[in-house]
Each structure stands twice: as C-alpha cells, then as structure tokens.
Amino acid sequence: MKTNLLRHLKWLRWVFLPAIVAASLLTVTPAYAQEPDPTAELMRGLNTVWVLIAAVLVFWMQAGFAFLEAGLTRAKNTTNILFKNVIDFVFASLAFWAIGYALMFGASAAGWIGTSGFFLSGGEDVAGLPVMAFWFFQLVFAGTAATIVSGAMSERTRFVAYLIYSAVISAIIYPIAGHWMWGGGWLATLPFGAGFKDFAGSTVVHSIGGWLALVGTLALGPRIGRFAKDGTPRPIPGHSISMATLGVFILWMGWFGFNPGSQLAIHGGNADAVALVAVNTNLAAATGALVAMIVTWAFVTRKPDLGATLNGALAGLVAITAPCAFVTPAASILIGAVSGVVVVYGAILLEKLKIDDPVSAVPVHLMNGIWGTLALGIFATEGGVTGLIAGNFGQFLAQLIGVVVVGVWCVFTGYLLFFVLLKKFVGLRISREEEFKGLDFKEHGAEAYPGDAVSSPAGAD
Amino acid sequence: MKTNLLRHLKWLRWVFLPAIVAASLLTVTPAYAQEPDPTAELMRGLNTVWVLIAAVLVFWMQAGFAFLEAGLTRAKNTTNILFKNVIDFVFASLAFWAIGYALMFGASAAGWIGTSGFFLSGGEDVAGLPVMAFWFFQLVFAGTAATIVSGAMSERTRFVAYLIYSAVISAIIYPIAGHWMWGGGWLATLPFGAGFKDFAGSTVVHSIGGWLALVGTLALGPRIGRFAKDGTPRPIPGHSISMATLGVFILWMGWFGFNPGSQLAIHGGNADAVALVAVNTNLAAATGALVAMIVTWAFVTRKPDLGATLNGALAGLVAITAPCAFVTPAASILIGAVSGVVVVYGAILLEKLKIDDPVSAVPVHLMNGIWGTLALGIFATEGGVTGLIAGNFGQFLAQLIGVVVVGVWCVFTGYLLFFVLLKKFVGLRISREEEFKGLDFKEHGAEAYPGDAVSSPAGAD
Amino acid sequence: MKTNLLRHLKWLRWVFLPAIVAASLLTVTPAYAQEPDPTAELMRGLNTVWVLIAAVLVFWMQAGFAFLEAGLTRAKNTTNILFKNVIDFVFASLAFWAIGYALMFGASAAGWIGTSGFFLSGGEDVAGLPVMAFWFFQLVFAGTAATIVSGAMSERTRFVAYLIYSAVISAIIYPIAGHWMWGGGWLATLPFGAGFKDFAGSTVVHSIGGWLALVGTLALGPRIGRFAKDGTPRPIPGHSISMATLGVFILWMGWFGFNPGSQLAIHGGNADAVALVAVNTNLAAATGALVAMIVTWAFVTRKPDLGATLNGALAGLVAITAPCAFVTPAASILIGAVSGVVVVYGAILLEKLKIDDPVSAVPVHLMNGIWGTLALGIFATEGGVTGLIAGNFGQFLAQLIGVVVVGVWCVFTGYLLFFVLLKKFVGLRISREEEFKGLDFKEHGAEAYPGDAVSSPAGAD
C-alpha cells in the first residue's frame, strides 16, 4: 500500500471502464412532464411529496433495525451487526437498481416474473408518480426485507456469507415473490375475494424476511451457551436496552411512512385512506405493546418486561401492515392485541424447539406477518375488501394461499441459499474461538467500544 | 406457563369477546370525500400531508423525551425510565381513542367538556382535515403532555403508579383542560383580547405536564442523597450526556412539527404563517440555549455547561410554543432570551426549595410554559392578535387567567391523583433498598447494560 | 449567586433594552398572500411543504454530525464535541439571521456581496416561497457548513476559540462565498458552460467546511500521541462505533432533504427532478460505501472496516451533492465509486503528511466536495447542463474556476481566522495537561459518562 499505489489501483479499470460504457448507454432523460393541466400537475407533485417523505421514513427504519439488533446482542459483536445493517442496504440499493426492480415491477411474464426495467431504464410514470419516486419507495421496502434476517443470524454468522445473502434476497428472492403480489402477478389476481391482498407488506416484506431468518438460524444452529446440555434455555441479554429502545422508536416512526405511504397518493379520498392507515398503525402498535407487557407480566417473567413490550409494539406493527387500509380502528386494536400474545408465546415456542433467534425476528416478522395477512381475511370491511366477519370466505382463502405459497418459496430458496450454497460452499458459521472472542475482533479488527477510548483519564484523577 | 398454556389464556376471552362486539359496533366507514371540486380536493390533500408529517415529528418527540430523561439519570434506572416513555404513549393512544378525544374535541357541554366522539366514532372532517388525521395529530400532543412527568418523577416512582398516572392524564386531566382552550371551551372565548390564545401548547401541553410534574415530585420527595442533612444540594449527574444531547436534537426537530404543524393548513396565507412559526421556533430555541449557556458560565458554574445549554434550548422551545404564530422573529429572540434566564434560575430556585426534579422538567415545561403564555400577551403583533406592546391589555389579562385556571386545575387534580389515590391507596414510592439497587433490578429484573453483555472478551485478550 | 440575585441580573438590561427597541423596529408583518388564483396558492403551499420538510431533515444532520464526531473520538472529550455541535447551530441561527443571509442573498453589489435583508427584514417571496421558508432552508445549510469543522479540530481546541470560529463562518466566510455561487454572484454567471453550478453544495457547503477544517487542523497540529517521534501514524480509535453509525444513518437520511430539497419546488417537472435527485443521492452513497469497503479490505487493513465504509457513504453523498440534478443514475454510481477510492486514499495521504484529522472531515468534505464539483463538469447530461462526456469543456472550466476560487477564499480567510486571530490573540489549543485529562474535565467540568452514574449497584449485588 505504501509503494506502487497506482499499480494497486489498476484493477479499478475493470470497474470503471464498463461503468462508463454503461453510463453512456443508460443515459435516461426522464420525460419531464409538460402537461398543460395545472391541476393534474399539482396532484402529481402532491403525491410525489408524500411518497418521497414516506420513503425517507422507511429508509430511516434501517437505523431502527441496526439499533434494535445491536442493543439486543452483546458488545463484542456490535461492530459486526451494525456493519450488516449498513451494508445490506448498500447491496439492496445496487441489486434492486440492476435486477430486483425489473423482476418485481417489469412487464409480467404470465404473472410469474417481471422482465423489463433493468438498470432503471424506462422513464414513464408508474402509479401516477415519477418512475424514480416509485423506484425509491420500492427500494426502501426491499432494503427492509433484506435487513430483517441479520438479527436472527447475529453473533455467529460469517460476514462474507451475509454479503452473499444480502445480494441474493434483494436481487432475486424478494423481487420474484413480490412480483406475484405487488407486481400484478398471479397471487394478486387469484379468483378468490379481491385476490391476495397485502397493503404494505406483512407477507411481502415481513414474512419473507422472517422465513429467511428462520431458515438462516436453523442452518446456523444456536449460539454457544444459549441452551444447556439438557436443553434448558439460558437467556443471553443484549448489551444496551437504550439502543434497542431507540431502535423501536425509530421503527415505529418509520412505520408511519411504511404503511400510510403505501397508498401512493393522498389527494381526494386517498387522504381519508392514508389517515385511517396512520391511526390503525398506531393503535395496533400500542395494543401489541400493552398486551405483550401484560401477558409477560402475568404469566411469564412476573415482571413488566421492556424487551417483551418493545417486541409487542413491533408485533402489532407487523400484523397491521397487511390489513391497515381495510379494517376499522377497533379491529386494529383487536389485531394488535392478538399480535402481542403471538409474539410472547412465539418466542417461548422457539425456545422449546431449541431455535436460537437472538432478537425474536421470527415471532415478530414471520409469525405476526402471517397473523396480519390472515387477519385481513378475517376483519376487512373497508376500502372495498371484505373478510370473514363480513361473510366473505373467499378473501380468507386468498390470504391463506398467499401465506402458504410465500412460505414454500422462502423455505425452498432459503434452503438452497443457506444450507447448500453458503453452508456447503462458502462457510456460514464462524469458528468456536471467534464466537467466544466476538465477531468484531476477528472479522473486523475493530471493537465497538475500545477500552482506551472509553476510559476517561479524568475519572481516574 | 409450561403446561396448560391454553388454560392460562382463557382469561383472554374477557378481552376479546367484548372487543369483537365493540369492533362490529364501531365499524366506521369514513365518508371518502367525493367532492367534485379538484382544487378543494388538492387543498385537503395538501393540508393532510402537512398535518400527518407534523404528527410523525411530534411522535418522534417521545424518543426525544426518553433519551433526554434516561441520559440525565443513572444507569441503574435506565430500563425503567425508557419503559415509562414507551408505555405512556401506549396508554395515551388507547385512552385518547376511547375517552380523551371525545372530552377534548366533542360537542361542548356549555364550554366545559366535550361529549361526543368516544371510540373515534363520527366521520366528518375536522378543521378541513380527515377526522383520522386530526385525531392522530391531537393524539401525539396528548402523548407529549403525558410524558413530561416521567423525568421529574424519575428514579424513585413505582411502575404501577406511573401506569395509573398515564391513563388518568391522557383520558381526563389533559383533555378536559384542553377542551377549555382548544376545544372551543370557555377560556378560548373569554371576553378579553381575542380570548385565551395558546397556538401550539405552552400551557395546554407543557404547563399541564409541568404542573403535574411538580405535584408528582412533591408527593414523592427528593431522591436519597439529593440533599445533605443540612439541606445542601448535592447534584446527581446522569449517566450519558450523549443520550441527553440526542434527546434534545430529537425534541428540537420534533418541535418543527409541534409548532408549525399546529397551523393545521399550509395553502395560501397559511404557508407564510407556517414558515414564520418555523423561524420563530428555531430562533427562540437558539437564543434560549445561548443565554442559558452565558448565564451559567458567568454566574453559576463558571464553565460552559452543556446540560444547562440543552435545557436552555428546550426552554426557548417551550416558551415560543404559545406565541410563535403571533410574534415577529425579533420578539421570538427576546422571548427565547428570557426563557434561558428562567430555566437556569428556576432550577436554582427549586434547589433552594429542596424540590428534586432530576431533569429540570419544572423549569423547562412549567415555568417557561407560563412565561411563553404570558409573552404572547406582551409581544403579539401578528396573525390578528395584539399584546401589551401594541397597547392591548385585554389579551394579557386573558393569558393570565388561562395560566391561573390551568394551574388550579392541575394542582387540584394532581393532588387527588398523586397525594390521595396513588400515595394513600396504591403506593407511589419504591422502597429505600430498591432505590439503592435501582428500579431496573427490582421492578423489571433487567439491567439496561448487563455486565456480561457489555464486557468484551476480546478486550481482555 | 446565593445573594443579591437581582443585582446579578442587572447586566441583563443591556441585553433586553436594546433588544426590545430592536423588536419594535423590526416588526415585520409578512405580506400574507391574498392571491386570487387558487392554483398558484396551492403550488406555493405544496412547494413550501416540501422545502420546510427538507429543511427539517437538514437540521437533523446536526445531530448526525454530533454523533459521528463524538463516536469517532474519545469519551474524555465527548461532552465537548457534542457541545460544539449544539452551539455552532445556535451561533449559525443568530449570525445568519443578523448578517449572513443578507450577505448571501441580499441585493448584489456587483456580484460580490449581498447588501439587503439584515435581521430578516423584507417580506417578499423568494424563489416562489415565503421568505421565511427560504430563509429557514438556507439557515440549515449554513449550519451544516459551520459544523463540519468541529470534527477535524476535535480533542484539542479551546471552546472559546470554537465559538468565535462558529460566528465568523456563519456570518461572513460562508455567506460571502455563497453569494458568488448561489446568490446570483459572479461565479454563477461565469461565461463558461452554464456558469459555475453546484446544485446542493459540494463546494458551497462541504468544500468550504472542509477547507476550513484543513486550515484549522493545520493551525492546531496533531493530537498528542497521534504520530510517533519517527512519524509513524498511531490510530486513536473513537469510543463508540454505535454512535458513529447512528450519525451516518442520520446524515444519510438528512441528505434526502439536503439534495432533493434544493430543487426548492416539486410541482410539474420539478417532481421528476426531485425524484431523480433522491435516487442519485442514494446510489452514490451506496456505491461510495461499497467501494470504500472493498478498497480497504483488499489493500489497506485486509478486513472489512466499518469506519471506512461509513466514511465511504458520506464521501458518496458529498460528491453527488453538486451534480445530483444533472447526471443519470448510472453516472451517480460512477461518481460514488470514485468517491469511495478518494476517501480511503485521501485519509492515507493526510497521514503521510502528518496531518491529524480525527474524523476524516477533509477526505470526506473537502476532497469529495472538489471531486463532486468537477464530476458535474464531466458527467452532466440532464437538467439543461452538459459536461465533458457531452463534449462541453466550458462547464468543466467553470467548475474548476469555482473550486480554485473557493479554495483561495477559504485558505485566506481561514489563515486570518485560525493562524492570526485565534492562535495569536485568543489561544487556539488547550494545554498539554488538559489534553491528557480530556476537554470535558477542564473546559466543562462535566464528564459525559460519570463513573458513579454508570456503575450499577445492582450489578455488584
């Protein structure tokens, strides 16, 4: 590095030359709207403001996941888990730009896969929005799906394996399943009820992330010391409930972009829909937190437990994500209440099965993603969709089919990814010694809180 | 818990059966606007975007209070104070949904109390906004009023007592007084000046929170060790100025929703008003911080003190909250400057009175809430309201009446709540032993920063 | 302080009397628009919403810088660095109100300096926005330019010197140069290409901050222990990568206000431009992070390094700031890729030159500010601006002139400020003893994490 700097940089030509060619090829001049109708222009501008701000809030959820997961794990792995939460969004940004968006929202091949729009080519409006605004909103959702896994697989996964996982989910697994549901694919057009419905992604984002988290943690096995030899679970507390709490506040905040933003418009009746979604989102989160606190207090730890309460809020948020535009506030409270029970007993169930999910990603995202998707089929009464309580069994059936199909897809691709590709060919889990010392030391050579920097000479004065 | 899981869950039917009945009863189909006028639709959409985003920023202030208060208190109570700041918003969400909103904004019974809109029934627009958008904006204000108390009462309050307090303030104390001022009640229609005015809540939110904080801390008494036997105050530093600083940045940011959002509209002349409010808010915060720094540096600690400066910024923000739409930027600077003095000497005054307010909630929210409310009566020249400097004594009188009335209401209800209900019947303060060990250990069984999780084996390598 | 409180407050009359006079003099009644055209009113409201929200996001970047810089430095200086990041925005708010805005955006004296609008006088719309909205947006940019320096000069600068620096940059250095580029001054009207272009401030904000950071750190010299006697660099790790990571997430988020907000409008074709800017901003950040990670991993530390990756993201963000509205997404990826190389080898170059820049402010803000400004002259193809790849050498020349001129201006004023005024007359650097003990102890008398508050008695139980 000290000598021949230029020689070391030679390889860069293999990055830049093709990139320059690509840049010239891909020059996209967006068709700046020159509509003569000022009302239509204002409407488009208004909806663009809304969607962009919502997208920024969803981007912010990356920080929420980073802090939630780092707070719930040990300081010796903090650099690693933060790193993962930064780099998976980096990979998502580039993978979704190159491939993912096209597979998810491109012209559909028989409802199974998108086939156009690679490298953000094509400049027409989508959903009445500038294509770049729509793309940006969809990107942050892809990033969310990708980042859910890092918590469940924390404290024992090789960094390189995580990089590969990140690229594959953002480029392939998420977009293809997403196409079936949000890209006009076959699940969206099922001949039951109004077809499979998932307003903001209980299944599309959270269950997909949750399924892969489950397969990933099964491929890894539990952390050393998580279960005694006789199988007794031994909790491994995280290093900072402050970080975890900040993470949940960030996520809760970001969800006000995630769900209400998914309306993709706010003029006319959309304003009512968006506001209803915001209220439902908040009520489900509050009830999820309350019920998780009560259930834990009454039946599990016998104390009010902050960790369980935070996970309860997230559970409510995940569960309301699919049905938020189709149910009443009262139904949202009910859905949130059930989610609070699901997340507490879901975590207990995983422990009984000796599955180690350090941040409860599976109960939060998978189990409540499923619950929320089915709850839509039960409680829907608004927005032109009806569920069981309105006597419509077809919608519930469509939801059930979607849940099962996505489960099969994720278990299948997740198996290939984690058990075959990563475990057999790359190496998925760090060594025993490395796990003791912490990932930060071995993988990154950088502790999160170096002793010399933290200790204050003044204090010793 | 290990056996008979289902039997343990039996009680849940008492939650869910009534809830399902309620859900069907309360099914509210919002009257999706089908206005033929596209300009009116756009205006409504525009104002909804603005109010929803402002509401999200105010929600974010919950995280700001959580981190401010946790940073200014000791690590042994961190789980507890974070928990309080999460759960009071949970209670506010549900209490304001069921009761609070109706009491505050329902059809008025002679200007004293609202009587309609329980459980979010009724779907007409309010203030030109979808009712759900208006409700959500008001909810986050109720949440702010509720959360102010937790800091003043920190490090020695029983968790159960705090839960009860949270529900009572959100369901009853805040909404009823709020009705008098913001619900079209009798204070808003006083025959002096333009009636009592409080643009964004120096009194409605901050003084109410501040008064209850004062009564609560009086009911508790000071923390062990806060005052020596001879009465000498002994500062108890908080465990992380980093967390407190982040909290203040979050609050400052959130205030750009709190104040400018309170215009509830942004079309036409509202755009000027909103922008003026944003500028005034920022200038008062800056001046409050600057003056608090200078005063502390020159007369108190003889050093530039970050804690005092942060509280100065908050003091300026609280003080400008009432008058921000009615004064010039220059007047805002003046109001902020006074607030910086008030907060520093207010904290000193509390110490002299041997009142222990760990985070200076009373100087920040109560004293500056009063100052800001009166300052409106002095400096108002904009937005159709005039104060003393424009020769209008009536407005100042209206403000003074509002301040006194709210003080009486809060001291009265606070006395019943803290001294009678909680102290006599529930138990307000934790045991001496528990206070030594910290609330986290006894109340929650979970330290914020467990030693095993924080210490890094790699470091010991 | 205990006695004669009032006498101590006497001096305040010298603050308040003039201020009251000023307040009455400066009473500015904004000309509330009473336009009869509802479409124009809506457009103005829509653009105001967008610009205000973008401004709030840019304000939030103050917290990002605070946490980034605090995380990358030692705990014994944490109070100090957080304090600086709070107080420089306070000074910016007041200095930009009194003087800075007028010098930057006032009526131009021959393209060299603005001459009107002191103390926010004058109420006409600017850029189709309420003047207060435009002012607020510009203020947060001035605050950003000011705060960049604190990191480079951290851990060894006297607090008083920093206060003076803050006022001077916000009142004079930034606004005058800003006038040349954004105030309609001579650089903006250069007869080459479309004149000097800097969409959101690679040069105006980041290079100015970066140049002053460089001069400041040169005036200070390196921290004790940063270089061995033989010149070998010895890294001084920061105390919390968690704080630094949060800082970068905040900055990345805030940049979605910084860049897309700089369009200052979002109706009609502006919606396409804003969305393109958002996408370009994100792609450059992602690529900067990715390339910095790869380069460090392959050639420098041989490990994936989180600090380098975070700085890579910031480097991409700084570099794309000037060209984001004028290039394609593919070109943004290319620009971001180069920025990732620049930031890594820029930091190595500084080390070789024995310049101590604790947070890499110079590689991030100065070097990539220059790179981004020149990249505009190379890759511009959109928004009516063309660069080298479109055969336009004039634009590149204009960019080069701007880069050089701003460099000369900053080195000249920075020399006067840091080497002459502060070093000779005020005192720039703390004592050797103070540096060992930490700034928090001596300058502020307040540790960031006091031992008594952090240690938990329960833990010792």
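The values are calculated or read from the model by the stated rules, or taken from the named source; none is laboratory data. As the structure is a computational prediction, the values presented were derived from the model and not from experiment. Cβ placement follows ideal geometry from the backbone for every residue including glycine, while neighbour counts extend to all protein chains displayed. To get the accessible areas, we keep the full protein, side chains included, count just its heavy atoms, and leave off ligands, DNA and RNA. Shrake-Rupley method; radii C 1.70, N 1.55, O 1.52, S 1.80 Å.
Assorted remarks:
- The condition of being among the hydroxyl-bearing types (Ser, Thr, Tyr) and part of a helix (DSSP H, G or I) holds for only one of B:116, B:93, that being B:93.
- Against the test of being crowded, with 19+ Cβ neighbours inside 10 Å, more than 30 Å from residue B:392 (Cα to Cα), at pLDDT below 95 and of a type outside the set (D, E, K, R), the options B:161, B:146 yield a single qualifying residue, B:146.
- Test result for residue A:313, open to solvent by less than 10 Å² (accessible area, probe 1.4 Å), small (Gly, Ala, Ser), within 12 Å of another protein chain (Cβ to nearest Cβ) and in contact (Cβ under 8 Å) with a residue 60 or more places away in the chain: yes
- Extreme residue, nearest to the other protein chains (Cβ to nearest Cβ), among residues of the stretch C:252-273 that are buried (at least 24 other Cβ atoms within 10 Å of the Cβ) and more than 19 Å from residue C:48 (Cβ to Cβ): C:272
- Unique residue being touching a Gly at 6+ places or on another chain (Cβ under 7 Å), within 12 Å of chain A (Cβ to nearest Cβ) and among the charged types (D, E, K, R) when the list is B:69, B:124: B:69
- Screening residue A:276 against (1) facing another protein chain (nearest Cβ under 7 Å); (2) within 18 Å of residue A:55 (Cβ to Cβ); (3) touching a residue at least 40 places away in the same chain (Cβ under 8 Å) leaves a single unmet condition, (2).
- Cβ-Cβ under 6 Å pairs, at least 6 apart or on other chains, the stretch B:45-58 side facing chain A (nearest Cβ under 7 Å), far side modelled with pLDDT under 95 and open to solvent by 10 Å² or more (accessible area, probe 1.4 Å): B:45/A:267; B:46/B:267
- Selection status of residue B:303, surrounded by fewer than 24 Cβ atoms within 10 Å (Cβ to Cβ) and either more than 14 Å from every other protein chain (Cβ to nearest Cβ) or among the small types (Gly, Ala, Ser) (or both): no
- Flag if residue C:243 is over 30 Å from residue A:128 (Cα atoms) and either facing chain A (nearest Cβ under 7 Å) or in contact with a Phe, Trp or Tyr (Cβ under 8 Å, 6 or more places away or on another chain) (or both): yes
- Flag for residue B:428 being buried (at least 18 other Cβ atoms within 10 Å of the Cβ) and in contact with a strand residue (DSSP E or B) (Cβ under 7 Å, 6 or more places away or on another chain): yes
- Listed by position, the helices (runs of 4 or more DSSP H) contained in the stretch B:375-461 that have at least 1 residues being under 30 Å from residue B:75 (Cα atoms) and in contact (Cβ under 8 Å) with a residue 24 or more places away in the chain are B:393-414, B:432-437.
- Among residues that are among the polar types (S, T, N, Q) and in contact with a Ser or Thr (Cβ under 6 Å, 6 or more places away or on another chain), residue A:270 is not included.
- Hey, residue B:84 away from chain A (no Cβ under 11 Å) and either under 16 Å from the mean Cα position of the chain (by Cα) or more than 18 Å from residue A:250 (Cα to Cα) (or both) or not: no
- For the residues B:87, B:81, B:53, the requirement of being among the β-branched types (Val, Ile, Thr), open to solvent by 10 Å² or more (accessible area, probe 1.4 Å) and in a helix (DSSP H, G or I) singles out B:53.
- Being within 17 Å of residue A:140 (Cα to Cα) and either free of Cβ contacts under 8 Å to residues at least 60 places away in the same chain or open to solvent by 10 Å² or more (accessible area, probe 1.4 Å) (or both) is a property that does not hold for residue C:291.
- Residue count for the stretch C:216-236 under the criterion of being farther than 17 Å from residue C:436 by Cβ, in contact with a helix residue (DSSP H, G or I) (Cβ under 7 Å, 6 or more places away or on another chain) and surrounded by fewer than 23 Cβ atoms within 10 Å (Cβ to Cβ): the result is 2.
- The condition (being within 30 Å of residue C:431 (Cβ to Cβ) and open to solvent by less than 10 Å² (accessible area, probe 1.4 Å)) is satisfied by just one residue among C:114, C:151, C:185, C:195: C:151.
- Residue in the stretch A:20-41 that is in contact with a His (Cβ under 6 Å, 6 or more places away or on another chain) and either modelled with pLDDT under 55 or part of a helix (DSSP H, G or I) (or both) present: yes
- Residue ID - surrounded by the fewest Cβ atoms within 10 Å (Cβ to Cβ), chosen from residues in the stretch C:316-331 that are in a loop (DSSP other than H, G, I, E, B) and among the β-branched types (Val, Ile, Thr): C:328
Conditions (1) modelled with pLDDT of 95 or more; (2) over 25 Å from the mean Cα position of the chain (by Cα); (3) buried (at least 22 other Cβ atoms within 10 Å of the Cβ), marked per residue:
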| residue | (1), (2), (3) |
| --- | --- |
| B:350 | yes, no, no |
| B:357 | yes, no, yes |
| B:368 | yes, no, yes |
| B:388 | yes, yes, no |
| B:416 | yes, no, no |
| B:419 | yes, no, no |
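- Of residues in the stretch B:91-101 being in contact (Cβ under 8 Å) with a residue 40 or more places away in the chain and aliphatic (A, V, I, L, M), the one farthest from the other protein chains (Cβ to nearest Cβ): B:99
- Of all residues in the stretch A:120-141, those being closer than 18 Å to residue A:179 by Cα and in a strand (DSSP E or B) number 1.
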